[in-house]
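The values are calculated or read from the model by the stated rules, or taken from the named source; none is laboratory data. If you're wondering where the values come from, they're calculated on a predicted model, not measured in any experiment. Quick reminder, even Gly has a Cβ in these numbers, built from the backbone with ideal geometry, and neighbours come from all protein chains shown. In case anyone asks, the SASA skips ligands and DNA or RNA and just uses the protein heavy atoms, side chains included. Shrake-Rupley method; radii C 1.70, N 1.55, O 1.52, S 1.80 Å.
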Amino acid sequence: MSDGTEQEKPASGRKPLTLTRTHQTGTVRQSFSHGRTKAVAVEVKEKRALRTPGAAPAKPEPGKPAAPGPGVPADLAGGARRSAPPPAPEAERPAPADPRGQISDEEARRRAEAVRRAVGDRQERAARTAEEESQRRALEDAQRRRHEQEEAIAAEAEARRRAEQEEEERAAAAVAARDALAARSAANLAARDNAAPAEQRPAAGGGGDILSELGGRVKSARKPLAPAPVKPTKKGEPKRREGKLTLDMVERITEGDDDRVRSLAAYRRAQQKEKERRAKMFGGGERESVKREVVIPETITVQELANRMATRAADIIKFMMRQGQMVKLTDVLDADTAELIATDYGHAVKRVAESDIETGLAGEEDAPDNLTARPPVVAVMGHVDHGKTSLLDALRQTDVAAGEAGGITQHIGDYQVRLPDGQRVTFLDTPGHAAFSSMRARGAQITDVVILVVAADDGVMPQTVEAISHARAAGVPIIVAVNKIDKPEANPERVLQELLQHEVITENFGGDTLHVEVSATEKRGLEKLVETILLQAEVLDLRANADRLAEAVVIESKLDRGRGAVATVLVKRGTLNRGDIVVVGGVWGRVRALMDERGAQLKEAGPSQPVEIMGLEGVPDPGDVLNVVESENRAREVADYRQRAKRQKAAAGPGSRTTLETMMARIKENDISELAVLIKADVQGSAEAISNALEKLGNEEVRARIVHSGVGAINESDIQLAKASNSPVIGFNVRASKEARDLAEREGVEIRYYAIIYDLIDDMKGVMSGMLAPTMRETFLGNAEILEVFNISKVGKVAGCRVTEGVVRKGAKVRVIRDNVVIQEMGVLSTLKRFKDEVNEVTAGQECGMSFGPFQDIKQGDIIECFNVEVVQRSL
């Protein structure tokens, strides 16, 4: 061992084991503020650096001093660095090791990698071992605690059993000792009596020898009396008073009310103590709560949430109080708050919505193997009075158009036509009037093919364009039927050219839209029209599954006096049977009867077949979907949910929330005149069309307000509602009952009957036009220039004028204009004179005198403008 820096290398090439210095010594001179200095000896310890074999030693960065050793101040370390000797020159450094004793970089890298892997494996094994050890200790602790609990329970039970046994043994020993003592005393007395002489025996009641032996009188021995049995107190008997006698007890005893009742608080305290005692007995703590899955709807009360969590409602209330919110048992919580509470208690949450009740109502999708061919559903659409119903009559060999009011269709009709070859085609006849836009939209949504009927003599009209838009929105193909080609003024080519403007390109012009020229009155082209329909249906490959629960769409609905609620539905898929339980929108019922368009009773209806159903509890809305369900309870739940959602949607409308915008809108609405109307129609579709038409008639000043819209005859409740809302009753294809007519006469309610929607809309338009404020229109008469102003006593100022333009009339309105600025609006000109005579008018170029009453601010050069005001009645 040597302190030198140079040693002789051994022949083997390996360095000998030596102890190198681990610290450096030096001196540091400290300077103080008063000019004094002090030399301090400093030792700088070197930090031992561990490196892998073959790795180069870490060199300090240039310009960066080495870190000071532990425990050395920074300033001293700096001084040490300043006082440290400079490094030895290159010539004095030790020579490098022998190359034969070194290893290559690749070998060093492999060794370092092996060391790193070994260290990683060792750390992983250590972590795994620690984890296994912790799990083992946790398991042992759990087993130990369970074993200790079992031993404690067993020890307590054994102690209780031993205490009871010892108590029984002590009681038995006491009884046996008492019996033995009594028997021994009796035996001793008997032996003494037998041993004494007869003359010395005491008389009855005495004992002489015993008296002389004991030195006194001794009472006669008595047998120990058995303890008196404790009689159980009977119900109703007064109990012995216990404890201190207080004034309250004296009052109760005096009043005869000495039976004290245990308070609820005392009962709860005893219950809580019993729970704590059992908790200490069976584990020394509170019982672990059971984790369960809590189903949380969109809204839930506090009490219901507590029941589902199996938790006290008071705990949930305390939790909400900690959150800064005071709630009661009956308060409603939203789903997010309820989920927060349940999660805080460790339960698993399952969120459900109220709309989940409709899940699975439509059934599963049909497999392709179960689909069979079905008849096509064709909607006949077009402008009013273009011959749609007449065309269907020609196909069905009927005359429906002759029986319709005004010769126009006002309901959506459905028919199924049987062709000679046995095939069937379902037709929907839609109204063409502008008011029945919603009907046409529904007809296009539920059909496969649309026949666009255009009159050859009339061409493309507004409702024709609307029908094209509905067909495109529904994505169904169009077949153009050019009707009325038998008329002399018919021009089918012009019709096809007009259709080009609306992107309906027929085959004649290189498009893919089929067209047929027909005549409904002469029944020309009907066969070709049917062939075209069947060709289009074959291209579409229409299929449906008939072996499943039915799904249908409501086409029309009404309230019949003898049959109740009647709905016309078109079966989309499945088979609708008599007796099925159905849900239609917000109503439900059991199908009591099925009837086709001819009135024949049916037992079932397959896909693409229109039928009338009876048995619903209410009138559904057109366009509602009919679904068959398995039970009445399911049907009632779905119907109730839909009605509730409809009410909530109506309550949450634009006017439900009060904001600045709504307040301003309400203030503005107060200036709007309203026409209240109560509508009763024969079918729901007509009532909807009338309501939409009346709402479109209004403007910024007047509008129609629909008080009530329904189907069926006018009854007394309708008259009472109309009386309360001060509105007339509009009956469309319905009549009022005798009781309703009498009530309307007494209450002064007007009832108007209509059969054609044209007349109804025109009358309502006239009434609403009369509610508009009239327009004031000015008519210029002439101008007069003031030449001179005269002051006349008792009259005031009088203007001498010359009429420069037009005419000035007495009784017309006048205004004073000075420098092209209106100074005064003076109303009616009351005084007009020419010379000394009163005249009615003065023409241009003549002079006249005018007086304007109290207005005296007139000057020379002012212009007097004369005009008339006309009241013009406005119309919608």
Mind counting the residues in region 352-368 that are under 20 Å from residue 308 (Cα atoms) and either touching a Pro at 6+ places or on another chain (Cβ under 8 Å) or free of Cβ contacts under 8 Å to residues at least 12 places away in the same chain (or both)? 4
Could you check region 788-835 and list, in sequence order, the residues that are out of contact with any strand residue (DSSP E or B) (no Cβ under 8 Å at 6 or more places or on another chain) and of a type in the set (Asp, Glu)? 819
Name the residue, out of 344, 315, that is farther than 30 Å from residue 636 by Cβ, under 37 Å from the mean Cα position of the chain (by Cα), open to solvent by less than 50 Å² (accessible area, probe 1.4 Å) and charged (D, E, K, R). 315
In region 423-437, which residues are at pLDDT 80 or above and either open to solvent by 50 Å² or more (accessible area, probe 1.4 Å) or not aromatic (Phe, Trp, Tyr) (or both)? 423, 424, 425, 426, 428
Identify, by number, the condition in (1) under 21 Å from residue 520 (Cα atoms); (2) among the β-branched types (Val, Ile, Thr); (3) open to solvent by 40 Å² or more (accessible area, probe 1.4 Å) that residue 479 doesn't meet. (3)
With the requirement that a residue be part of a loop (DSSP other than H, G, I, E, B), farther than 20 Å from residue 765 by Cβ, among the small types (Gly, Ala, Ser) and touching a residue at least 40 places away in the same chain (Cβ under 8 Å), what does region 685-740 give you? 712, 713
Residue in region 529-543 that is closer than 28 Å to residue 737 by Cα, modelled with pLDDT under 90 and buried (at least 19 other Cβ atoms within 10 Å of the Cβ) present: no
Quick check on residue 582: is it surrounded by 21 or more Cβ atoms within 10 Å (Cβ to Cβ), hydrophobic (A, V, I, L, M, F, W, C) and at pLDDT 90 or above? yes
For residues that are farther than 26 Å from residue 772 by Cβ, within 33 Å of the chain's Cα centre (by Cα) and of a type outside the set (Asp, Glu), tally how many sit in region 687-719. 3
What number of residues within region 607-636 satisfy the criterion of being surrounded by fewer than 20 Cβ atoms within 10 Å (Cβ to Cβ) and over 29 Å from the mean Cα position of the chain (by Cα)? 1
Sort out which residues of region 339-351 are in contact (Cβ under 8 Å) with a residue 12 or more places away in the chain and among the hydroxyl-bearing types (Ser, Thr, Tyr), and write them in order of number. 345
Enumerated strands (runs of 3 or more DSSP E) restricted to region 760-876, each holding at least 1 residues that are open to solvent by less than 90 Å² (accessible area, probe 1.4 Å) and under 30 Å from residue 676 (Cβ atoms): 775-792, 863-872
Extreme residue, nearest to residue 758 (Cα to Cα), among residues of region 691-705 that are open to solvent by 10 Å² or more (accessible area, probe 1.4 Å) and among the hydrophobic types (A, V, I, L, M, F, W, C): 693
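Rundown of residues vs (1) modelled with pLDDT under 85; (2) open to solvent by 10 Å² or more (accessible area, probe 1.4 Å); (3) among the aromatic types (Phe, Trp, Tyr), yes/no style:
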{"site": "655", "(1), (2), (3)": "yes, yes, no"}
{"site": "662", "(1), (2), (3)": "yes, yes, no"}
{"site": "684", "(1), (2), (3)": "yes, yes, no"}
{"site": "707", "(1), (2), (3)": "no, yes, no"}
{"site": "715", "(1), (2), (3)": "no, yes, no"}
{"site": "726", "(1), (2), (3)": "no, yes, no"}
{"site": "733", "(1), (2), (3)": "no, yes, no"}
{"site": "738", "(1), (2), (3)": "no, yes, no"}
{"site": "744", "(1), (2), (3)": "no, no, no"}
Test for residue 374: is it of a type in the set (D, E, K, R), at pLDDT 85 or above and exposed (fewer than 14 other Cβ atoms within 10 Å of the Cβ): no
Could you tell me which residue of region 746-767 is farthest from residue 871 (Cα to Cα), considering only residues that are hydrophobic (A, V, I, L, M, F, W, C) and at pLDDT below 85? 756
Inside region 746-759, can you point out the residues that are more than 21 Å from residue 688 (Cα to Cα) and open to solvent by less than 70 Å² (accessible area, probe 1.4 Å)? 748, 749
One residue is enough: does region 299-306 have a residue meeting the conditions without any contact (Cβ under 8 Å) to a residue 60 or more places away in the chain, surrounded by 12 or more Cβ atoms within 10 Å (Cβ to Cβ), within 21 Å of residue 272 (Cβ to Cβ) and touching a helix residue (DSSP H, G or I) at 6+ places or on another chain (Cβ under 7 Å)? yes
Where the second residue is surrounded by 14 or more Cβ atoms within 10 Å (Cβ to Cβ) and polar (S, T, N, Q) and the first is within 20 Å of residue 680 (Cβ to Cβ) and lies in region 756-771, which pairs have Cβ atoms under 7 Å and are six or more apart or on separate chains? 757/410
